[in-house]
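See structure below.
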Amino acid sequence: MTSRNSFWVSSVENHRRRVWVWIITALVQVTAYVGILTVYLSRIRKWYEEGAYITAEEFREALYQAAQEALGFQKDRLILVVGLAFLIGIQGFSYLYDQKKVDMYHSVPVDKNKRFLVIYGNGIIIYLATTLASLLISVISAVVQGAVNGEVMAGIGVAFVWNFLFFLIMYHTAILAVMLTGNRFITLFASGTFALYEMMLYILLENMQESFFDTKDSFYLSLRPKLSAVADYLYHEHEIRDLENVREMAAMALPFYGKWFVLAAVILAAAWMCYRGRLSEAAGKAIAFPRLEPVVKVLIVIPVSIGLGMWVYGAGYGDTTLAFVTMIAGGVICSAVMEVIYDFDLKSMFRHLISSGITLAGIVIIFFIFKEDIFGYDKYVPKEDKVESVALVLNEYPEFWDENFGYVDISEAAAERMYITYLEPVLSLALKAQQEKPEEMEDARVMHVLYRLRSGREVGRKFYIDFGNPANAKLLDQIIGTTEYKEGTYQIMTDQESFDRVQEMTYSNGAVEIALPAEDGQKIREAYIKDMEQYDFTLIRNNRPCGEISIRFPNWRGYSLYVYESFENTIAYLKERKAYYPVTLDPGDIDSITVTNYHNELQEVYGDTSDIYDTRDGNASAYSYDESRVVSETFYEEEEFAKILPVIYPNNMSAIWHDYEETDSNYDVYITFRKDTSYPYDRGSYGFNYQFYTGEVPEFVDAATAYED
Amino acid sequence: MIEIHNLTKSFDKIKAVDEVSVTIRENTVFGLIGTNGAGKSTVLRMISGVLKPDSGTVTLDNMPVYDNVEAKKKLFFIADEPYFFANSNARAMERYYSGIYENFDKAEFYRYLESFNLDKNRKIGTFSKGMKKQLALLLGICAHTRYILCDETFDGLDPVMRQGIKSIFAKEMEEHGLTPVIASHNLRELEDICDHVGLLHKGGVLLSKDLEDMKCNLQKVQCVFATVEEELKALSGMEVLKKEQRGSLRMFTIRCTREEVAARFATVDTVFYEVLPLSLEEIFISETEVVGYDIKKLILG
């Protein structure tokens, strides 16, 4: 009787002591739900009333969407939930910071567990009561305004559970932080550290890998925290929000509900154990359990110091010495700061030198593990018998889309669709890449590889391949020539349905642009797939596309099919549609050709040319142009055209498989068609830009555009 | 009965209480005396279950106190700076404590408030330090626990108030068997209240005795002997703790009863003798000097 009585007395008294928390939480939640809903709905109404060209049905849909956005999943709610969880959690148990309060609370005959339950439970009540009341008011308001249907309500429910479970984790985290500390500010710092620690470690790890390992690749797999609820919220909340219907939302949120519930329970258990073990005299101290002080110091100072060093590394253009010195200095300073915080005494700066020494040793070890690649990260090439399959993206990044024509990144598409099991060429190239530096290669191109190991593990790496090395051609043929590569890289190979929904198709040889019937989608696909049988590295490296078929699908998804002269089936189709025009133009169609010679050899180079090793002849932006040295000459004679046209290639045609130096950036070639020509060039354009193949500039052009001082 | 056995407590490697053993009998007023830092508050906090001893035991009516609600029901702890809820008044505190302590007597509480001229509706934050101590004492008394632990609670109370509290203690002791345990650094504050005194110094107990016993067993005798032989005769076999001489006037502090002094001095030839009452201060001076301490430095300053 007494204990039950004391329980309720404590509970009511606890609520009395937390009136200001009630008020703040209620204000925040009313603003976050009722306020935001009001703004969103009034905006839609105003837009409609001011004459938006939408139907009544579309208006209603807009209201539903606004209500869903205001009351359902919302990125900004993360901050609010974290703030409220920390406020409620820390304030609830803040009596533990004050010796006077501890004297009273710990001497009265109230069971310790019951006190925990009262404070803990009241915190949940404060959050739930204010949130549900705000939601209720909002929903009533939304119903009155016709902004709610069953789907919206269900979506709000899914988001409510999501936010409540997230609140629980943050609330429990704050309580755990209170139990481990004895001071409000340290608790706040600890709560933030707990909430973000794993995520920050992963960010730091990824940064170090990217800085020190050449083969580090986040293309397919990026390091994602396993336990951090904040990371889950940041990385997945928008994915759920963007889903089409509530069933999908719930299905995607459900695993997080489970994970978060378990996580919340584990953190709560830890907090409760710390509460049980916490001594009253911890009030006012930085750390409630003195034995944890060196552990906390090591766990905080090492990542902070390394983080500082990596920041300097990034800002200092990769100066490892400077980064290392910063890490060590950071370690010394942070260790001293931690000791000062522990004792609230400046004189304690150099106490506990053993833990400071361990911290510095940890920094040095970690730095050299990465700097010297002690564990052979860059040397990693799995044994063939350990690998089940690989996916790879080589040199180009074609566009992919899903069944709703939503964007799908090539990395995701390749990881999902490409299963190359003929591993030998991939592994050989990976091993070869370790022997060569990209800056020493003739034509270095990046390959992103995803190894799917038989153990179930997936490992992503990137390395460079020298396209200019003929010895690599055979290996690349064995990769690019496979059906697995083609199907994983080009959506046309497997996606039949999309070609029934082609909206627009054109063919271009760099100057003409001929419209093709949209209903020919399947026909083109069929022809192109047949031609793709011959597609391999040798074909695309030794031949430039003679044309390009551009296809537009719904939702502005687009696609370019490069046509090579050996693509008989595609070209036959184009000829049938009278759309085929050779890439080499007919001199009879040309009015004039203007050649501009930039005389790069006379231009001044600015900046550090070692950073632009492949741009000296390839990228004019590396030069500070003196316009007086640029010489232009226009040619009008057909015989001149006949010499120029076979040695130029259209600028707007893709040549990504070719060496940048195959065309000469020293010149611009500008072609103007005759007005009376039957050639169906785009007459709206003034002209068309081409480039000379390197070393094939006709002598008379060179002579005519020579620079004379 | 509160039994403390070999109690030890350290804070950050500093020993605040070192192997303290004391027994506090029921229905007595126990004074715990010691300098600042002697460990009085730490002992009281351990008795009240606020602090967990590093070693040793505290039992209250044979129950361990730490983390034991049943034991805590029998005690009320008033810290040296009692905590009251922010912006609360006496009524709010009564509401809280009456919900916690099943025997809390609300009517008595408000009666006492009136007699001590404490406004039940006035914010406690506006009370003087003395008024806060009075309020804390009244809350503790009206909780009707068997033990009330007061840490420096009487320091700063004016004599009238102290007398009032003393009367209430006497009444409560008689009616409800209350056992007050009062810690103070000032010996004079406790002189008229305590029955039994424990002296703490540097975390350890120097002595623990009934005041009455100490008073009855220590006599201060002032006399002039007829001859030196008479003096030797009078003191032979007596435990003389202190001896002072001013001309022919002798002053002795002797461990014996008043009757023993009278019987012995009746047999010797004295020009004049009288037995004087000892103040608590003098008793402590004598007792602690015996064990090698200078009490003046410890407590009396």
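No lab work stands behind these numbers, since they all come straight from the coordinates. This one's a predicted model, so the numbers in the text were calculated from it and none came from an experiment. Here Cβ is always computed from backbone atoms with ideal geometry, including for glycine, and neighbour counts include all displayed protein chains.
Observations
- 19 Å reach of a label modelled at B:H176, 7 Å along Cα-to-Cβ, counting backbone N of segment B:151-167: B:151, B:153-154, B:162-167
- Across peptide A:15-27, the mean count of Cβ atoms from other chains lying within 10 Å of each residue's own Cβ comes to 1.
- Inter-chain Cβ neighbour average for residues B:36-46, partner chain, 10 Å: 1
- Each peptide in A:423-432, A:437-446 was scored by the mean count of other Cβ atoms within 10 Å over its residues; highest first, the order is A:423-432, A:437-446.
- Structural descriptor for segment A:494-576: relative contact order 32 percent, calculated from alpha carbon pairs under 8 angstrom and at least 6 residues apart.
- Computed from Cα positions, the angle between helix A:353-371 and the longest principal axis of chain A comes to roughly 20 degrees.
- Estimated from helical segments only, the mean residue ellipticity of chain B at 222 nm is -10000 deg cm²/dmol, where each DSSP H run of four or more residues counts as -39500 (n - 2.57).
- Spin-label model, A:E206/A:W311: points 7 Å from Cα along the beta carbon direction are separated by 1.9 nm.
- Low-density loop positions, trypsin sites (Lys or Arg not before Pro), segment A:561-593 - DSSP coil, at most 13 other Cβ in 10 Å: A:K578
- Helix-derived mean residue ellipticity, 222 nm - over chain A, DSSP H n ≥ 4, -39500 (n - 2.57), to 500: -17000 deg cm²/dmol
- Comparing B:K215, B:K166, B:K13 in a Gaussian network model of chain B (Cα springs below 10 Å), the most mobile by mean-square fluctuation is B:K13.
- Calculated log₁₀ intensity ratio I(q)/I(0) where the Debye formula runs over C-alpha points of chain A, q = 0.10 Å⁻¹: -1.18
- Value of relative contact order over chain A, rounded to a whole percent, pairs C-alpha under 8 Å and six or more apart: 9 percent
- Burial ordering of A:W20, A:W311, A:W162, fewest other beta-carbon atoms within 10 Å first: A:W20, A:W311, A:W162
- Test item: A:104-117 mean partner chain Cβ contacts at 10 Å: 6
- Solution diffusion estimate, µm²/s, Stokes-Einstein, segment A:302-371, Kirkwood Rh from C-alpha pairs, 4 °C, viscosity 1.567 mPa s: 106 µm²/s
- Taking only the Cα atoms of segment A:151-274, the radius of gyration and Dmax are 17.0, 50 Å.
- DSSP bridge orientation in segment B:2-202 - percent antiparallel, rounded to nearest 5: 45 percent
- Rg over Rh for segment A:226-287 works out to 1.23, using Cα positions for both radii and the Kirkwood form for Rh.
- Compared with the dominant principal axis of the Cα atoms in chain A, helix A:19-29 is inclined by about 20°.
- Beta bridges assigned by DSSP with both partners in the protein assembly as shown are antiparallel in approximately 85 percent of cases.
- Cβ-defined net charge surrounding B:G39, 9 Å radius [Lys, Arg +1; Asp, Glu -1]: +3
- Between helix A:320-343 and chain A there is an angle of about 10 degrees, using the helix long axis and the longest principal axis of the Cα atoms.
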